[in-house]
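Enquirer: The structure that follows is given in the form of structure tokens.
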Amino acid sequence: MGIIKSNLNKLKLGWFVGNFEPSLYKTNDVEIAVKSYSKGDYEELHYHKIATEITVIVSGKVKMNGEVYEKGDVLVIPPNHSTDFEALEDTTTTVAKLPGANNDKYLGKPND
């Protein structure tokens, strides 16, 4: 296999590694994304039962669970720990989910 080239704009919400379509590298071991948010973008409170999510704030500022995080902050969110997400300014994140687990996103808090 040779070099594969794509563009984040062609991928679903910035996800480019994982067992989904489209994916530049198919695997169940990990999911990786580079995500861009506009100020005011919001993701509802959710959690994962299987995956640990690692989020790097590459640029910008966000609020998660009432805490403010900014450029350079790295968050490790273990399974069954819920969080929401609000972009307080235009923001770019890199996200890894380990292991890659399809259909492992649940709204609300665990046991709601």
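The values are calculated or read from the model by the stated rules, or taken from the named source; none is laboratory data. Just so it is clear, the structure is predicted and the values come from calculations on it, not from any experiment. FYI the Cβ positions are ideal-geometry reconstructions off the backbone, even for glycines, and counts take in every protein chain you see. Each accessible area value is taken on the protein alone, full model and side chains, heavy atoms only, with ligands, DNA and RNA left out. Shrake-Rupley method; radii C 1.70, N 1.55, O 1.52, S 1.80 Å.
Enquirer: Among the residues of region 39-46, are any free of Cβ contacts under 8 Å to residues at least 24 places away in the same chain, more than 14 Å from Val95 (Cα to Cα) and in contact with a Gly (Cβ under 9 Å, 6 or more places away or on another chain)?
Expert: Restricting attention to region 39-46, the residues satisfying the condition of being free of Cβ contacts under 8 Å to residues at least 24 places away in the same chain are none.
Within region 39-46 (the criterion being free of Cβ contacts under 8 Å to residues at least 24 places away in the same chain, more than 14 Å from Val95 (Cα to Cα) and in contact with a Gly (Cβ under 9 Å, 6 or more places away or on another chain)), the answer is no, since none of the residues qualifies.
Enquirer: Specify which of the listed residues (Val34, Val56, Val62, Val17) is open to solvent by less than 80 Å² (accessible area, probe 1.4 Å) and touching a helix residue (DSSP H, G or I) at 6+ places or on another chain (Cβ under 8 Å). Show your work before the answer.
Expert: On the way: Val56 fails: touching a helix residue (DSSP H, G or I) at 6+ places or on another chain (Cβ under 8 Å); Val62 fails: touching a helix residue (DSSP H, G or I) at 6+ places or on another chain (Cβ under 8 Å); Val17 fails: touching a helix residue (DSSP H, G or I) at 6+ places or on another chain (Cβ under 8 Å).
After ruling out the rest, the residue left standing is Val34.
Enquirer: Is it the case that some residue within region 65-72 is modelled with pLDDT of 95 or more, open to solvent by 50 Å² or more (accessible area, probe 1.4 Å) and of a type in the set (Gly, Ala, Ser)?
Expert: yes
Enquirer: Return the residues of region 54-94 that are in a strand (DSSP E or B), free of Cβ contacts under 8 Å to residues at least 40 places away in the same chain and out of contact with any Lys or Arg (no Cβ under 8 Å at 6 or more places or on another chain); say none if nothing qualifies. Quick ask: steps written out before the conclusion?
Expert: First pass over region 54-94, keeping only residues in a strand (DSSP E or B): 54-59, 61-64, 67-70, 74-77, 83-87, 91-94.
Adding the requirement that they be free of Cβ contacts under 8 Å to residues at least 40 places away in the same chain leaves 56-59, 61-64, 67-70, 74-77, 83.
Within region 54-94, Val56, Val62, Lys63, Met64, Glu67, Val74, Leu75, Val76, Ile77, Thr83 meet the criteria.
Enquirer: Hey, among Asn9, Asn28, which residue is free of Cβ contacts under 8 Å to residues at least 24 places away in the same chain and of a type in the set (S, T, N, Q)?
Expert: Details: Asn28 fails: free of Cβ contacts under 8 Å to residues at least 24 places away in the same chain.
Residue meeting the stated conditions: Asn9.
Enquirer: Across region 40-53, what is the total count of residues that are in a loop (DSSP other than H, G, I, E, B) and either open to solvent by less than 70 Å² (accessible area, probe 1.4 Å) or polar (S, T, N, Q) (or both)?
Expert: Qualifying residue count for the region: 4.
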